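Quick notes on the structure that follows.
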Amino acid sequence: MTAARPRPALLKLTPAAVTRLKALGEKAGEGVLGLRLSVKTGGCAGMEYGMDWARETNPLDEVVEQDGVRLFVDSRAVLYLIGTEMDFEQSAMKSGFVFNNPNQVSACGCGESVTLKPAQAS
């Protein structure tokens, strides 16, 4: 019997993202199980990342747990997020989460929307 091929990492968090998500999670209120990530149609480049607090589980979500942070990835977003690194950047002019996504083809000028392709089998 052949050993199963290892699955690629769906999503990794930088230390800055972990720290920020923990701080935001503490303020999110009771009943929050983690952060739900999605990809939706919108913006001038065609797609946008979505983030909402998850207060219930969805059996189709992929669950990513890292350093005490739990992410629920919408099943429709999985192929677009494989191999992504989620970071948190802060500067004098702006702060926010940044997705370093190998499946990103392009982005709009304002940085609010992206063009993504599904991950390819390697």
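Couple of notes before you dig in:
- Within the range 51-70, the set of residues being surrounded by 15 or more Cβ atoms within 10 Å (Cβ to Cβ) and without any contact (Cβ under 8 Å) to a residue 24 or more places away in the chain comprises 54 only.
- Only residues that are of a type in the set (Val, Ile, Thr) and either assigned to a loop (DSSP other than H, G, I, E, B) or at positive phi (or both) were counted in the range 76-90, giving 1.
- Every condition in (1) within 17 Å of residue 103 (Cβ to Cβ); (2) in contact with a Lys or Arg (Cβ under 7 Å, 6 or more places away or on another chain); (3) without any contact (Cβ under 8 Å) to a residue 40 or more places away in the chain; (4) not aliphatic (A, V, I, L, M) is met by residue 48 except one, and the failing one is (3).
- Residue that is surrounded by the fewest Cβ atoms within 10 Å (Cβ to Cβ), among those in the range 73-98 that are among the acidic types (Asp, Glu) and either at pLDDT below 90 or more than 9 Å from the chain's Cα centre (by Cα) (or both): 89
- Long-range neighbours under 6 Å by Cβ, at least six apart or interchain, first residue more than 16 Å from residue 17 (Cβ to Cβ) within the range 78-94, second in a strand (DSSP E or B): 78/62; 80/39; 80/116
- Here the range 11-45 is the region considered, the condition is being part of a helix (DSSP H, G or I), touching a residue at least 12 places away in the same chain (Cβ under 8 Å) and among the charged types (D, E, K, R), and the residue that is nearest to residue 65 (Cα to Cα) is 22.
- Residue in the range 24-42 that is at pLDDT below 85 and among the aliphatic types (A, V, I, L, M) present: no
The values are calculated or read from the model by the stated rules, or taken from the named source; none is laboratory data. None of these values were measured; they are calculated from a predicted model. Please note: Cβ atoms are built from the backbone with ideal geometry, for glycine as well, and neighbour counts cover all protein chains shown.
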